[in-house]
1. Could you please find all residues in the stretch 67-110 being on the phi > 0 side of the Ramachandran plot and in a strand (DSSP E or B)?
2. Report whether or not GLN130 is open to solvent by 50 Å² or more (accessible area, probe 1.4 Å), under 30 Å from PHE166 (Cα atoms) and not in a loop (DSSP other than H, G, I, E, B).
3. Please enumerate the residues belonging to the stretch 80-110 that are over 18 Å from ILE40 (Cα atoms) and of a type outside the set (Gly, Ala, Ser).
4. Residues that are at pLDDT 80 or above and under 19 Å from HIS488 (Cα atoms), at least 2 per element: which strands (runs of 3 or more DSSP E) completely within the stretch 316-423 meet that?
5. LEU10 - would you say it is outside any loop (DSSP other than H, G, I, E, B), at pLDDT below 80 and within 20 Å of GLY97 (Cα to Cα)?
6. Only strands (runs of 3 or more DSSP E) wholly contained in the stretch 168-254 count here; list those with 1 or more residues that are aliphatic (A, V, I, L, M), surrounded by 15 or more Cβ atoms within 10 Å (Cβ to Cβ) and on the phi > 0 side of the Ramachandran plot.
7. Within the stretch 135-167, which residues are loosely packed, with under 15 Cβ neighbours inside 10 Å and of a type in the set (Gly, Ala, Ser)?
8. Say whether the condition of being among the basic types (Lys, Arg) and at pLDDT below 85 is met by at least one residue in the stretch 146-154.
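The values are calculated or read from the model by the stated rules, or taken from the named source; none is laboratory data. The structure presented is a predicted model; accordingly, all values stated were derived computationally and were not measured. We place every Cβ from the backbone using ideal geometry, glycine too, and count neighbours over all the protein chains shown. Each accessible area value is taken on the protein alone, full model and side chains, heavy atoms only, with ligands, DNA and RNA left out. Shrake-Rupley method; radii C 1.70, N 1.55, O 1.52, S 1.80 Å.
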Amino acid sequence: MPAQHPAEVLRALLDASPSGIIAFDESGRIRLWSRGAQRIFGWSEEEVLSKFGPVELQLQTLQQAGEEVRLRRKSGELVQTEVRLAPWQNSDGSTRGVLAILDDISARHAMEQQVHELIRQEQDARTEMQSERRFRELLDAAPDAIIEVDQEGRIVLLNRVTEKLFGYRREELLGHPVEVLIPEALRPAHVHHRSHYWSHPQTRTMGSGLALEGRRRDGTRFPVEISLSPVNSEEGFRVTAIIRDITDRKHAEDRIRAIQEKYTRALSATNRELEARNQEVERANRLKSEFLASMSHELRTPLHTIIGFSELLSEELEGPLNDKQKRFVEHIHKDSLHLLELINDVLDLSKIEAGRLELRREVFDAGMAIEEVLASIRGRGEGKVLFFETEIAVTGAILADRLRFKQVLLNLLSNAVKFTPEGGRIGVHARMRDGFFEITVSDTGIGIPKDEHETVFDKFYQVGNTTKGVREGTGLGLAITRKLVEEHGGRIWVESEPGRGSRFTFTIPVDTKTEQAGH
């Protein structure tokens with residue numbers, strides 16, 4: 001048997017291979033087309049090597065393709081191929097081009113896709129089964145009864161709470177009309193309402209404001225609250241109802257209502273009693289204020305007479321007085337003035353509380369008014385050897401009641417003198433701050449505990465004994481002082497510690513026009 005040429009042997013091997021073997025030269029043209037390539041693509045070797053340029057253009061992409069690529073057959077059908085590339089070399093080792101070995105993996109690819117689809121379907125079924133089981137678990141774990149009703153009114157789904165709440169087994173309810181859960185007398189009306197709901201389905205609370213009831217298997221009735229929700233399912237249009245037993249809530253509401261009614265009656269009676277007492281208090285206060293005002297006037301008239309005659313006696317116009325008589329007259333005059341001061345305090349307070357105090361506002365020099373008060377108070381402090389320090393940084397006029405302004409300052413300075421021991425210091429500082437005249441009266445007196453800083457402004461409150469060891473006055477001075485400051489639109493406060501003196505500060509608002517005129 002004659003020996004075959006190596007090229008013939010190679011060709012026979014190539015044609016016997018089930019794979020398609022294609023050779024490209026360095027210019028990219030096809031130089032070899034095996035029978036396997038013909039079986040895969042449908043073109044003969046002559047067609048590819050002679051005139052099918054488009055085939056070359058399509059197959060040239062193999063040189064840049066990955067392991068798998070989809071190519072088109074002669075019939076136009078797409079074929080899935082697996083591609084392996086290798087260098088095509090001459091016998092001397094030089095490169096001639098590229099060899100492409102292709103296998104038709106369409107069947108395998110289709111089988112893999114089918115397997116993947118089956119796996120996906122199995123996973124979907126498992127997921128659906130898990131979801132259904134989870135749905136059933138959630139449904140049974142719900143605290144309320146849940147049922148689903150089809151368009152004919154039959155129960156097609158229910159949870160465990162429904163069985164427990166109504167006393168039925170699941171099989172006794174499935175497929176039965178929902179009216180079995182409703183009291184017999186209400187069933188005809190419910191059928192009508194259910195038909196109406198199908199024509200206008202929407203999520204809503206059923207019977208809002210009405211008393212709804214459910215019926216158990218044993219015939220007992222109980223109050224319920226129901227929420228409806230329409231559902232579109234594969235089986236058709238349905239309605240989900242959530243049913244809640246509100247027996248405990250109704251009992252609680254009844255108890256609360258009874259308690260409210262009881263306390264409302266008690267509160268009404270208390271309010272009536274309180275209103276009557278308030279009227280009595282208001283009447284008593286009004287009578288007290290009227291009495292104080294009347295008595296103050298009545299007392300001042302004879303008191304002025306006593307003061308006047310004591311002054312005449314001290315002048316000795318009707319004859320000389322001996323030393324003892326002079327001392328008696330001096331005591332009469334001094335105590336009469338003190339009594340007049342107390343009566344004036346009571347009268348002022350009664351006017352303020354009765355709302356009859358009228359401020360007579362006028363424009364005056366604040367610094368000059370302060371100096372006038374200081375001049376009158378210095379005489380009281382001379383006997384105790386008190387030192388006065390003043391710092392008046394206020395210039396221009398102030399719009400206020402001059403008499404009441406001086407009264408406020410005099411009250412504060414009188415207290416400072418009263419509660420400051422011999423050799424002590426009293427200071428008056430006045431300045432402008434944030435649209436207010438701010439005046440501070442300080443002393444080195446006995447001081448006031450912190451918990452009494454507010455109560456010192458109460459009526460009839462007295463801090464303690466004066467430096468003379470006795471209580472003086474009515475305890476109305478600071479109460480009147482605060483009222484007068486607040487009537488002007490200002491405020492007053494105290495800073496003090498026991499044994500370290502006190503600082504009383506009050507403010508009077510500045511009138512804008514007055515302030516501009518002063519500047």
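1. GLY97 - this is the single residue of the stretch 67-110 that is on the phi > 0 side of the Ramachandran plot and in a strand (DSSP E or B).
2. Values: open to solvent by 50 Å² or more (accessible area, probe 1.4 Å): yes; under 30 Å from PHE166 (Cα atoms): yes; not in a loop (DSSP other than H, G, I, E, B): yes.
It is true that GLN130 is open to solvent by 50 Å² or more (accessible area, probe 1.4 Å), under 30 Å from PHE166 (Cα atoms) and not in a loop (DSSP other than H, G, I, E, B).
3. PRO87, TRP88, GLN89, ASN90, ASP92, THR95, ARG96, VAL98
4. 361-365, 397-401
5. Yes.
6. By residue number, no strands (runs of 3 or more DSSP E) qualify.
7. ALA141, ALA142, GLY167
8. no
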